[in-house]
1. I'd like to check something: does the range 157-164 contain any residue that is crowded, with 18+ Cβ neighbours inside 10 Å, part of a strand (DSSP E or B) and touching a strand residue (DSSP E or B) at 6+ places or on another chain (Cβ under 8 Å)?
2. Are any residues in the range 188-230 under 15 Å from the mean Cα position of the chain (by Cα) and part of a loop (DSSP other than H, G, I, E, B), and if so, which ones?
3. For a quick check of your reading of the model, give me the residue pairs whose first member lies in the range 76-103 and is closer than 14 Å to ASN64 by Cβ, whose second is of a type in the set (Ser, Thr, Tyr) and assigned to a helix (DSSP H, G or I), with beta-carbon atoms closer than 7 Å and at least 6 apart or on different chains.
4. Could you go through the range 195-206 and let me know if any residue there is small (Gly, Ala, Ser) and surrounded by fewer than 23 Cβ atoms within 10 Å (Cβ to Cβ).
5. Of the residues ALA19, ALA86, ALA70, ALA10, only one is within 18 Å of the chain's Cα centre (by Cα), assigned to a helix (DSSP H, G or I) and either closer than 20 Å to THR187 by Cα or not assigned by TED's automatic domain parsing to the domain that holds TYR157 (or both); which?
6. Of the conditions (1) crowded, with 17+ Cβ neighbours inside 10 Å; (2) in a helix (DSSP H, G or I); (3) not acidic (Asp, Glu), ALA140 satisfies every one except a single condition; which number is it?
7. Of GLY171, GLY156, which residue is closer than 30 Å to LEU23 by Cβ and of a type in the set (Gly, Ala, Ser)?
Amino acid sequence: MSFLTTGQAARKLGVTQVAVRKLIGTGQLVQSGSAGRAILLDAHSVDQLARLGTRHGRPWTEANAWAALALLSGLSRVQWVSSSEASRLRRKLGATQVSELAILARKRARTHRFRGTADVIERLREHVLATGVSAMADDAIAHRFELAGSRGTADGYVMFDDADALKEAYGLIDDPEGNVILREVTTSSAFADGVPLAAVALDLLESPATRERAAGRRVLEELLGGRRSA
């Protein structure tokens, strides 16, 4: 597990240490512990934010984030938000770039990372809606992203509070670099037809693996390009 101090993170992001503490407060950076008076940050969260950028902007609520991702994936109706809000999101998507989308939709889920054994990984897949590299188990999705699935990782969406229940049931160990990623949500209506394609792409965009990030970015650019030309 790799850590950075707030000073190291500030230099990497090109911001002040005060800004780093604000980014911790908004959940864009993950605090992993402390050493004396020094705050230690998860290095992966710093690397991820460095790739996406630290532009200011109010993120969407969870419900709006899922409405936007569903619309971007081709769903025509998002009944969990008002029609006026859906229209506003459609207009916004027509002028949004990939890096901005990642920031706007960052509150779409509460993410937990654990480590589990190979047999636990297999059993967990029955309890989650697969996303990221785990979604590549579906041949059609794997073809769209030009990626192969990973049997050593479980990445999926669960309903709020299910992460703790699964952690206890399967003996998962907290690990910021673990092979189990559980993303808790409350907006169940967004998953009536499975995880929206745009969400799978966005989760890949946040992967530490270069090839997965590139695949996620490519599909998001295609989807956003379709909104701009519509």
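The values are calculated or read from the model by the stated rules, or taken from the named source; none is laboratory data. No experiment lies behind these values; they were computed from the predicted model shown. Glycine gets a Cβ as well: all are built from the backbone with ideal geometry, and neighbour counts include every protein chain shown.
1. Scanning the range 157-164, I find at least one residue that is crowded, with 18+ Cβ neighbours inside 10 Å, part of a strand (DSSP E or B) and touching a strand residue (DSSP E or B) at 6+ places or on another chain (Cβ under 8 Å), so the answer is yes.
2. Matches in the range 188-230: VAL195, PRO196, GLU206, SER207, PRO208, ALA209.
3. Close Cβ pairs satisfying both conditions: GLN79/SER189; TRP80/SER189.
4. So the first thing to find is which residues in the range 195-206 are small (Gly, Ala, Ser), and the list is 198-199, 201.
If we keep only those that are surrounded by fewer than 23 Cβ atoms within 10 Å (Cβ to Cβ) too, we end up with none.
No: zero hits.
5. Details: ALA19 fails: within 18 Å of the chain's Cα centre (by Cα); ALA86 fails: within 18 Å of the chain's Cα centre (by Cα); ALA10 fails: within 18 Å of the chain's Cα centre (by Cα).
Just one listed residue meets the conditions, ALA70.
6. (1)
7. On the way: GLY171 fails: closer than 30 Å to LEU23 by Cβ.
Of the residues listed, the single one that is closer than 30 Å to LEU23 by Cβ and of a type in the set (Gly, Ala, Ser) is GLY156.
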